[in-house]
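Inspection log for the structure reproduced underneath, given as structure tokens.
The values are calculated or read from the model by the stated rules, or taken from the named source; none is laboratory data. Just so it is clear, the model here is predicted, and its values are computed rather than measured. Counting neighbours? That spans all protein chains shown, and the Cβs are built from the backbone with ideal geometry, glycine included. All accessible areas refer to the heavy atoms of the entire protein, side chains included, with ligands and DNA or RNA removed. Shrake-Rupley method; radii C 1.70, N 1.55, O 1.52, S 1.80 Å.
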Amino acid sequence: AWYRWRTALKPCVGAMMSDERFVLPGPTEVRPEVLDAMRHPMIPHRSAAMELLIQTVHARLQPMFGTTLPVYVVTGPSTAAMEMAVRCGSIERVLALVCGAFGERFAEIAELTGREVTRVIAEPGQVVSPEQVRLALENGNYDTVTVVHSETSTGALSDVASIAKVVRDSSNAMLLVDAVTSVGAMPIAMDAWGADLVFAGSQKALALPPGLAFVAASERLLNRGRTLFDCGYALALVRYDEFWHKSQS
Ligand SMILES: *Cc1c(COP(=O)(O)O)cnc(C)c1O
């Protein structure tokens, strides 16, 4: 009903929209100074100004991810980052930890891109335990594990630190982490966890307009990506990395 009300309001947005009360995980209310910044004139995307912007944004994203790795700015929704993670980070056999709609979306993307997916499904509101992950890894030869840190659809928070430890200790699998509603809302320790890929979106806890996603990946994952035919072009993480080293989009 809320969505219909909002859609009906669309033709008469203007002042009314700015009074709107957001009760969503995202998009959120965006601060006026951020909205003002969007009215700046465009800058050429291969200019020194752009290089400086990319470097500045990157330096501020790193602590939010708890990483010293590059954080790429992806022009797309978080779902694009999710697909990017699957395409460049997984090979054949994916273990998907599912505690709600976004964990399921991760699994579906892996299936649609031709991976063989095994799900470990938690009860609604619950999370998959590190012990369940250990058991699943013992029983299958997975090259990748997907997990959603903060499962927005139920509010459940996965213990990524412990899951990462289990994945590291009992397999060679890469751990891909959806941190869309946790980056900016709580401390993220990508490097300390030993996660291979973490992504977030602009319109959730970061309280920015939608349309951008942020991705960090380990060197080990990038090395895997470089050997895969499946990375595509626009979503090729390895390409993002290549251009990031030139401070370019
Ligand atoms: C919102 C959300 C997504 C998808 O984000 P989009 O930018 O709409 O594609 C993915 N994962 C989680 C946990 C989310 O909350």
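Quick look at the values:
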{"quantity": "Relative contact order %, the range 94-211, counting alpha carbon pairs below 8 Å whose residues are six or more apart", "calculated": "23 percent"}
{"quantity": "Carbon plus sulfur fraction of accessible area for the chain, probe 1.4 Å, in percent", "calculated": "58 percent"}
{"quantity": "Simple Cβ-charge dipole of the chain, Lys/Arg +1 and Asp/Glu -1, about Cα centre, in debye nearest 20", "calculated": "540 debye"}
{"quantity": "Protection-proxy order for peptides 165-171, 81-87, each taking the mean of Cβ atoms within 10 Å per residue, highest first", "calculated": "81-87, 165-171"}
{"quantity": "Distribution of pairwise C-alpha distances over the chain, 5 Å bins, in %", "calculated": "1, 6, 13, 17, 19, 15, 11, 8, 5, 3, 1, 0"}
{"quantity": "Selected from G114, V34, A164, residue furthest toward positive end of dipole (the chain; charges at beta carbon)", "calculated": "V34"}
{"quantity": "Mean Cβ count within 10 Å, highest first, over the residues of peptides 144-156, 103-115", "calculated": "144-156, 103-115"}
{"quantity": "Hz values of 3J(HN,Hα) by residue in the range 35-44 - Karplus curve (6.51, -1.76, 1.60), Gly and Pro given as x", "calculated": "4, 4, 4, 6, 9, 5, x, 5, 10, x"}
{"quantity": "For V74, residues with placed amide H under 5 Å, excluding near neighbours", "calculated": "A213, F214, V215"}
{"quantity": "Amide H within-cut-off set for L235, under 5 Å, with H built and near neighbours excluded", "calculated": "none"}
{"quantity": "For the range 86-188: span of alpha carbons on each principal axis (Å, largest first)", "calculated": "32, 28, 25"}
{"quantity": "Dimensionless Rg over Rh [the range 17-58; C-alpha; Kirkwood]", "calculated": "1.13"}
{"quantity": "Descending principal axes extents, the range 169-219, alpha-carbon based, whole Å", "calculated": "39, 19, 15"}
{"quantity": "Mean accessible surface per residue for the chain, computed with a 1.4 Å probe while every protein chain stays in place, in Å²", "calculated": "51 Å²"}
{"quantity": "Sequence-distant residues sharing a close amide H with M174 (under 5 Å, placed H)", "calculated": "T144, V145"}
{"quantity": "Inter-site label distance for R21 and E33 at 7 Å from Cα along Cβ, in nm", "calculated": "2.7 nm"}
{"quantity": "Antiparallel %, DSSP beta bridges [both residues in the chain], to 5", "calculated": "40 percent"}
{"quantity": "Over the range 60-111, relative contact order from alpha-carbon pairs under 8 Å, at least 6 apart, %", "calculated": "28 percent"}
{"quantity": "Cα coordinate range in the range 122-249, projected on the principal axes (Å, largest first)", "calculated": "42, 36, 24"}
{"quantity": "Protection proxy ranking of 88-99, 213-224, 47-58 - average other beta-carbon atoms within 10 Å, highest first", "calculated": "88-99, 213-224, 47-58"}
{"quantity": "Positive-end residue of C99, A236, I54, charge dipole of the chain with Cβ unit charges", "calculated": "I54"}
{"quantity": "Intensity falloff of the range 188-249 expressed as log10 I(q)/I(0), Debye formula with alpha-carbon point scatterers, at q = 0.16, 0.23, 0.25, 0.27 Å⁻¹", "calculated": "-0.63, -1.10, -1.16, -1.20"}
{"quantity": "Cα pair distances exceeding 19 angstrom across the range 53-114, given as percent", "calculated": "44 percent"}
{"quantity": "Whole-Hz ³J(HN,Hα) from phi, Karplus 6.51 cos²θ - 1.76 cosθ + 1.60, for the range 50-66, glycine and proline x", "calculated": "5, 4, 5, 4, 4, 5, 5, 4, 4, 4, 7, 7, 3, x, 5, 9, x"}
